[in-house]
Every structure is written in structure tokens, then in C-alpha cells.
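Structure first, then comments.
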Amino acid sequence: MPDGIDTVDGTDRPSSRQIALAQIRIEAGALEDNLERAIAAIEDAASRGADLVALPELFTVGYFAFDLYGRYAEAIEGETLSRVSEAAGDAGIAVLAGTIVEDLAATDSVETPAADGLANTAVLFDADGDRRLVYRKHHLFGYESAESELLVPGETIETATVGGVTVGVTTCYDLRFPTLYRRLVDAGVELVLVPSAWPYPRLEHWHTLSRARAIENQCYVATINGSGAFDDATLLGRSTVYDPWGVSRASSGDEPALVTAEVDPKAVADVRTEFPSLRDRRL
């Protein structure tokens, strides 16, 4: 992380941080190639001065490779996340490894929602490579998808402060469930990272839901999608950073890209003061 920190309203919180969304190409079952692309994106983001970089949903095995989930499931302490942690520490950048197929029975360093089974799990590492947050996808997709049959849903929500920004995580289909985001707001979140594997043709849903979550919660929402085609689906990309007004600050097409934008915690506070809709909540 950069050493220089600007003060905001007399605190030691930064006025802004740069985040990067790594929209990498994902090939079904090509774990080593996909992981190498992810590590290269981490290094690229760090070289551009980003403070945090986020990876897409199931960036190693590929979301639509359902028949490979069991074969390539790993513990949180497994090789994939160990290498991401090492890359974060080496590059001096926070990394959201979002997500892997987690083998719940093999994980032993954090509490799991079940004694065994698989989960769709994101892990946030800080710039020293230390684990700061674990999020398991809460809402499992059932429409023309095997996800809800194969995976165990998450049960807990965590936030972490990275570079002075309070960060939360949701995953892909979670975008359709606004009460989850209200819980994050109540936990003080200023930035929600959303690793995803959103396919064509639901482009309008992707934009509308993401923007709505930013507007109604008056926070930054950063959606990190993959790039690439599977047998039955093609990822639509369009990784985007929305500000607390719902304005797109940076976005991509459907090809591999590194999307960068500034995230300013003071802007979150200012919007919530200027237009205090959250104070009018009754539920």
C-alpha cells in the first residue's frame, strides 16, 4: 500500500483508494492457466498503483464446469489461496480471491457452515497476504444451474477494513437479494465487492441490479465478472465500479481487462448526509 495517507475530517482515513477489477479469461478446468492469469493480474494491478484488486467468481475451475467442482475443491488453506496470499504479500496489494470451490471438510482454520460438502467461497487478503475476510455465497442459483444441488450456502457475513475502506463481499446471484446488502450497510460497509460469473443474455439485469444496490445503499458496488465461453454459456464481462449515486466510474466490455477506479470513503459519508434516505428506513 502507498505510505502517504491523506486525512479526512481530522481522522487518519484516506481520502481515496484505487481498486482494480481483474476481468480475466477463464477456461473450464484449466486451474493452473487460470491461476497464472490471476497472479499476473494481481501484479499488473500493483504496478499501476492499485491498493486492492478483485478476481471473478470461481476464477480457477470456471463457474459452469459443474462436473469438475468435486475434483478441484480445496480447503481455504489449500494451494490456490496460499499462492494468492503469497502474490498479495509479494506485490503489496490487497486481493479478493473471489471465488474458489471450497472443500468444507478439509478446511480447519475457520468455522464452516457444514461438516462436509462444497461451498462457493471468497477470501480477502490484505497487502501483507494475511486473511481478513471469508464469505461463502448465500444464494445458490437453481435456474438451469447445478449450483444449488452441489453447494452448501453460506451463513455468515463479515466486513474488513482495507486501506481505510470498510469492505464487504457478496457473490453474483446475491445481487438479486437486497436484504443481504442492508445487513452489510448496517455493518458499516462502504464498498461491496461482487465476484461473478454472469452470462449472456441477462445484460440488463447485470447493470440494473448492480446500480440499484449502489443507489439504495449509498455505497460503492464493484462487480467483477469473468471473460470466456463454456459449453452452455458465455460470460458477458462488463466489470464495473458504481459510486454511491449509482454512477458508473469505470467499466469494461466482454474481453479480458483490468478496470481501475478511485473509491473515496468520504464520498459515501457525503452522499448519506446530503440525501439521508437510509435514515428513513422503517424495516
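The values are calculated or read from the model by the stated rules, or taken from the named source; none is laboratory data. Quick caveat: nothing in here was measured; it's all calculated off a predicted structure. No Cβ is skipped: glycine too gets one built from the backbone with ideal geometry, and neighbour counts run over all protein chains shown.
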Does residue 55 satisfy the condition of being more than 19 Å from residue 104 (Cβ to Cβ), touching a residue at least 40 places away in the same chain (Cβ under 8 Å) and of a type in the set (A, V, I, L, M, F, W, C)?
yes
Qualifying residue in the range 188-198 (condition: within 16 Å of the chain's Cα centre (by Cα) and in a helix (DSSP H, G or I))
no
Leading residue by the ranking (nearest to residue 96 (Cα to Cα)) among those in the range 134-145 that are surrounded by fewer than 20 Cβ atoms within 10 Å (Cβ to Cβ) and at pLDDT 95 or above
138
Within the range 1-8, is there a residue that is in contact with a strand residue (DSSP E or B) (Cβ under 7 Å, 6 or more places away or on another chain) and either at pLDDT below 95 or closer than 21 Å to residue 226 by Cβ (or both)?
no
Over 28 Å from residue 163 (Cα atoms), small (Gly, Ala, Ser) and in contact with a strand residue (DSSP E or B) (Cβ under 6 Å, 6 or more places away or on another chain), is that true of residue 237?
no
Residues of the range 194-209 being out of contact with any Gly (no Cβ under 8 Å at 6 or more places or on another chain) and farther than 20 Å from residue 158 by Cα, in sequence order, are 198, 199, 200, 201, 202, 203, 204, 205, 206, 207, 208, 209
Find all pairs meeting these conditions: Cβ atoms under 7 angstrom apart; at least six residues apart or on different chains; first residue within the range 110-123 and free of Cβ contacts under 8 Å to residues at least 40 places away in the same chain and assigned to a loop (DSSP other than H, G, I, E, B); second residue of a type outside the set (A, V, I, L, M) and surrounded by fewer than 24 Cβ atoms within 10 Å (Cβ to Cβ).
none
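Does residue 170 satisfy being surrounded by 23 or more Cβ atoms within 10 Å (Cβ to Cβ), β-branched (Val, Ile, Thr) and either at pLDDT 95 or above or within 17 Å of residue 96 (Cβ to Cβ) (or both)?
yes
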Considering 20, 40, 28, which residue is in contact (Cβ under 8 Å) with a residue 24 or more places away in the chain and out of contact with any helix residue (DSSP H, G or I) (no Cβ under 6 Å at 6 or more places or on another chain)?
28
Taking into account only those residues within the range 199-236 that are of a type in the set (Gly, Ala, Ser) and in a loop (DSSP other than H, G, I, E, B), which is surrounded by the fewest Cβ atoms within 10 Å (Cβ to Cβ)?
233
Just to verify a result, which residue in the range 237-283, among those that are of a type in the set (Lys, Arg) and surrounded by fewer than 14 Cβ atoms within 10 Å (Cβ to Cβ), is farthest from the chain's Cα centre (by Cα)?
282
Here is a check on your reading of the model: is residue 268 in a loop (DSSP other than H, G, I, E, B), closer than 23 Å to residue 124 by Cβ and of a type outside the set (Phe, Trp, Tyr)?
no
Under 7 Å between Cβ atoms, which residue pairs at least 6 apart in sequence (or on different chains) link something in the range 127-152 that is more than 21 Å from residue 75 (Cβ to Cβ) with a partner that is in a strand (DSSP E or B)?
127/94
Those residues of the range 25-49 that are assigned to a loop (DSSP other than H, G, I, E, B) and buried (at least 24 other Cβ atoms within 10 Å of the Cβ) come to a total of 1
Of the listed residues (98, 89, 62), the one being part of a loop (DSSP other than H, G, I, E, B) and among the small types (Gly, Ala, Ser) is 62
Examine the range 132-149 for a residue that is in a loop (DSSP other than H, G, I, E, B) and among the charged types (D, E, K, R), and state whether such a residue exists.
yes
Give the range 65-81 a look and list any residue that's touching a Gly at 6+ places or on another chain (Cβ under 8 Å) and in a loop (DSSP other than H, G, I, E, B), or say none.
65
